[in-house]
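Notes to accompany the following structure.
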């Protein structure tokens, strides 16, 4: 028997959950699955907010330290516009934010819930108050998308998770490329779901956007294991080549974070930790995650420990 001590690499903040509906300036059922960015020196979360119809929109929350003192927009920041964008008829969900320095703007990849199912849409912003929608860029069913912050061979790259609407079909992470953020092609599977009883068997998806490190692109992804009592969402890591993001250098066999705290195990959807955003402050990564589809938690880790875990695995 191995003497190795199993531990999670991310440490929960003692003040968790850091945001919930009790903090919200207007009525909401739940707040969760927030994108994250550093904007004008503050941590900005673009939070998924579910209303009492069951439909979602996005609202910005800002904090000096990324932990407390949140200033939350008094009304929704980005709302569905089904009249102009029919693909948003049942709400917009689960944003991921990437800073594109070349364009001096942020791009938001989010899930638009259409009559045909969830799909990937993009929008850009310079201030998180005004937005330019690029519209749908992938057909349904597709979600868990994020854009890389740099071009590869003159093209933007985006991770996403297409899924066949058929029982038993696996769901894997794919990459696509675009010259203009609007037209996407050259699709290829990059990280596949495992089979059997693995923690990430059959269904995986990107969590936070890719983060650049000297050793490669650090990828945080979620895996879903179906049990007799329901599904469990846990997190794993992968490392991709800096110049060729289709090449996987390493992938963790073990999960590195999973639902343990009561606010992660009990909520609108039990046993879920689901990050859509992380930011780096020095050598510390702040990971913001939806807990049980009901509130937002914060966990931190050291960049070097995550990379070492992968390279030594």
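For region 255-269, does any single residue satisfy the condition of being within 23 Å of residue 159 (Cα to Cα), free of Cβ contacts under 8 Å to residues at least 12 places away in the same chain and more than 18 Å from the chain's Cα centre (by Cα)?
no
What are the residues in region 109-163 that are buried (at least 20 other Cβ atoms within 10 Å of the Cβ), on the phi > 0 side of the Ramachandran plot and part of a strand (DSSP E or B), if any?
144
Determine, yes or no, whether residue 189 is in contact with a strand residue (DSSP E or B) (Cβ under 8 Å, 6 or more places away or on another chain), surrounded by fewer than 22 Cβ atoms within 10 Å (Cβ to Cβ) and closer than 21 Å to residue 242 by Cβ.
yes
Before we move on, is residue 278 modelled with pLDDT of 95 or more, part of a loop (DSSP other than H, G, I, E, B) and surrounded by 18 or more Cβ atoms within 10 Å (Cβ to Cβ)? Don't jump to the end; show me each part of the working.
Values: modelled with pLDDT of 95 or more: yes; part of a loop (DSSP other than H, G, I, E, B): no; surrounded by 18 or more Cβ atoms within 10 Å (Cβ to Cβ): yes.
Spelling it out, it is not the case that residue 278 is modelled with pLDDT of 95 or more, part of a loop (DSSP other than H, G, I, E, B) and surrounded by 18 or more Cβ atoms within 10 Å (Cβ to Cβ).
Against the condition touching a residue at least 40 places away in the same chain (Cβ under 8 Å), under 25 Å from residue 227 (Cβ atoms) and under 19 Å from the mean Cα position of the chain (by Cα), how does residue 93 come out, does it pass?
Judged against the criteria, residue 93 is a match.
Which members of region 284-313 meet the condition of being in a loop (DSSP other than H, G, I, E, B) and at pLDDT below 95? Break it down stepwise before answering.
Within region 284-313, the subset in a loop (DSSP other than H, G, I, E, B) is 292-294, 313.
If the condition is that a residue be in a loop (DSSP other than H, G, I, E, B) and at pLDDT below 95, then 313 is the only one that fits.
If the Cβ limit is 7 Å and pairs must be 6+ apart or interchain, which residue in region 211-236 that is over 13 Å from residue 273 (Cα atoms) pairs with which residue that is loosely packed, with under 13 Cβ neighbours inside 10 Å?
215/311
Just to be sure I understand, how many residues within region 47-63 are under 17 Å from residue 299 (Cα atoms) and either in contact (Cβ under 8 Å) with a residue 24 or more places away in the chain or not in a strand (DSSP E or B) (or both)?
The number of residues fulfilling the criteria is 1.
When you scan region 184-238, how many residues do you find that are within 25 Å of residue 291 (Cα to Cα) and in a strand (DSSP E or B)?
27
Could you tell me whether any residue of region 37-45 is touching a strand residue (DSSP E or B) at 6+ places or on another chain (Cβ under 7 Å), crowded, with 23+ Cβ neighbours inside 10 Å, at pLDDT 95 or above and assigned to a strand (DSSP E or B)?
yes
Check whether at least one residue in region 84-97 is in contact with a helix residue (DSSP H, G or I) (Cβ under 8 Å, 6 or more places away or on another chain) and either crowded, with 23+ Cβ neighbours inside 10 Å or farther than 21 Å from residue 289 by Cβ (or both), and report yes or no. Don't jump to the end; show me each part of the working.
Taking region 84-97 first, the residues in contact with a helix residue (DSSP H, G or I) (Cβ under 8 Å, 6 or more places away or on another chain) are none.
Looking through region 84-97, none of the residues is in contact with a helix residue (DSSP H, G or I) (Cβ under 8 Å, 6 or more places away or on another chain) and either crowded, with 23+ Cβ neighbours inside 10 Å or farther than 21 Å from residue 289 by Cβ (or both).
Look at residue 254 and say whether it is assigned to a loop (DSSP other than H, G, I, E, B) and over 23 Å from residue 46 (Cβ atoms).
Answer is yes for this residue.
Take residue 18 and tell me if it is at pLDDT 95 or above, under 23 Å from residue 205 (Cβ atoms) and out of contact with any helix residue (DSSP H, G or I) (no Cβ under 8 Å at 6 or more places or on another chain).
When the stated conditions are applied, residue 18 does not pass them.
The values are calculated or read from the model by the stated rules, or taken from the named source; none is laboratory data. A quick note: this is a predicted structure, and the numbers were derived from the prediction, not measured. When we count neighbours, we look across all protein chains shown, and the Cβ atoms used for this are built from the backbone with ideal geometry, even at glycine.
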